[in-house]
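Structure first, then comments.
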Amino acid sequence: MTRASFRAATAGRGGRRRAGAGARAAGRQVMMGPALSAPRPPPPLETDVAPAPRSGRPYGTSRRALLGAGLGLLAGAAAGCTDRPGPWPGLRLATGPEGGPYNAFGRALATAAARSGVPAQILPVATAASVDNLRELDRGSVDLALAMADTAEDAVRGREDFSRPVAVTALARVYVNHTHLVVAADGPVRTVGDLAGRPVATGAEGSGVRVVARRVLRAAGLTTGPAAVRERPLGLGESVRALRAGTVDALFWSGGVPTPALTALARETPVRLLPLDGWVDALREHHAPVYSAVTLPAGAYGQTGPVGTIGVGNYLLARADVAAPAVRDLLGAVFGQWRDLLRDVTAGARLEPRFAISTGSVPLHPGATAYYRSVYG
């Protein structure tokens, strides 16, 4: 990426952030609807990495500020402290289910940050993934999160699963998910239309795959009436077991290529991947321009030829109040060790700045903007 192209790509972001700041601030004053509970002190979350003792001071704090913070902590102890950790020693990162790609990315990022000397320890937190992660960010239970681009768009616009706009910022678009629609090779389902009335695993509640699966089914006219599929809200492991057992006729998945659980399934049971690229335009028109036509390469799961499907970016997100120096340090680790981060998530992918800053309606965090400008002009 050249300096001129970076300046052109980011020129409108500052104005958009200023224009959207008032709306986001107003949105924070609106009471949450059914999809989001009212603000409250968040419950403790189980992290995958125990916080380690840290020395030194938090980002951007003076000795006077630290003294004030210490007095505040003492007062908090007397009144009853919240469960939310302070900005030091770590930043909580909402990932996804244990064994899933988001969780793997989160663990790899924690390792990369530690190896790069990032002062803030990254603490991966297992979740249901995209929708759940954005809700946790909104509650303040976590500081960082991974989420699919379509779900992030819904969050900042306050639609679908989000009853009001969520104030969230982007650090980078890190890689692209490929949507998989998997059926038994010898089964009766050969097109999306053949799913009518059949049991289909559409992803766990709170996951991004459930969002894209339901949108494809809605575009195909398979969510209402006699043709409606019988949705099974199952995670990836449960979906694979259900397809193997014949209790569902198809499963949706959105992730990197190859996805190990699907590779293992294809070794045991011949499968067919149905093309979905014909639905890209409908999804872009009715939802957001975050969808693209991508290809599942030949042989990824034993298939003889490539299969066109739907691509959706994945964003690394942060609360707006995460310190800018912490974001800059973290992005330095991301771009310095991107091969290690993506190795267990998706094959053959690259992390490039011109794609990393493409975060749609989600504004870049000020620390991210500062990082990209410091490196690319």
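Does residue 248 satisfy the condition of being in contact with a strand residue (DSSP E or B) (Cβ under 9 Å, 6 or more places away or on another chain) and part of a loop (DSSP other than H, G, I, E, B)? Yes; evaluated as a whole, the condition is true for this residue. Look at (1) open to solvent by 40 Å² or more (accessible area, probe 1.4 Å); (2) under 25 Å from residue 160 (Cβ atoms); (3) in contact (Cβ under 8 Å) with a residue 60 or more places away in the chain; (4) not hydroxyl-bearing (Ser, Thr, Tyr) and you find that residue 270 fails only one, number (2). The residues of the stretch 121-139 that are in a loop (DSSP other than H, G, I, E, B) and buried (at least 24 other Cβ atoms within 10 Å of the Cβ), listed by number, are 127, 129. Of the residues that make up the stretch 353-375, is at least one of a type in the set (Lys, Arg), without any contact (Cβ under 8 Å) to a residue 60 or more places away in the chain, touching a helix residue (DSSP H, G or I) at 6+ places or on another chain (Cβ under 8 Å) and open to solvent by 20 Å² or more (accessible area, probe 1.4 Å)? There is no residue in the stretch 353-375 that is of a type in the set (Lys, Arg), without any contact (Cβ under 8 Å) to a residue 60 or more places away in the chain, touching a helix residue (DSSP H, G or I) at 6+ places or on another chain (Cβ under 8 Å) and open to solvent by 20 Å² or more (accessible area, probe 1.4 Å). The set of residues from the stretch 280-313 being part of a loop (DSSP other than H, G, I, E, B), open to solvent by less than 40 Å² (accessible area, probe 1.4 Å) and among the hydrophobic types (A, V, I, L, M, F, W, C) comprises 288, 290, 300. In this structure, residue 231 does not satisfy being on the phi < 0 side of the Ramachandran plot, outside any helix (DSSP H, G or I) and touching a residue at least 60 places away in the same chain (Cβ under 8 Å). Criterion applied to 277, 321 was being acidic (Asp, Glu), surrounded by fewer than 22 Cβ atoms within 10 Å (Cβ to Cβ), free of Cβ contacts under 8 Å to residues at least 40 places away in the same chain and out of contact with any Asp or Glu (no Cβ under 9 Å at 6 or more places or on another chain), and the one residue passing it is 277. Checking each residue in the stretch 251-279 for being closer than 18 Å to residue 195 by Cα and in a helix (DSSP H, G or I) picks out 277, 278, 279.
The values are calculated or read from the model by the stated rules, or taken from the named source; none is laboratory data. Since this is a predicted model, take the numbers as computed values, not measurements. Glycine also receives a Cβ, built like all others from the backbone with ideal geometry; neighbour counts cover every protein chain displayed. Each accessible area value is taken on the protein alone, full model and side chains, heavy atoms only, with ligands, DNA and RNA left out. Shrake-Rupley method; radii C 1.70, N 1.55, O 1.52, S 1.80 Å.
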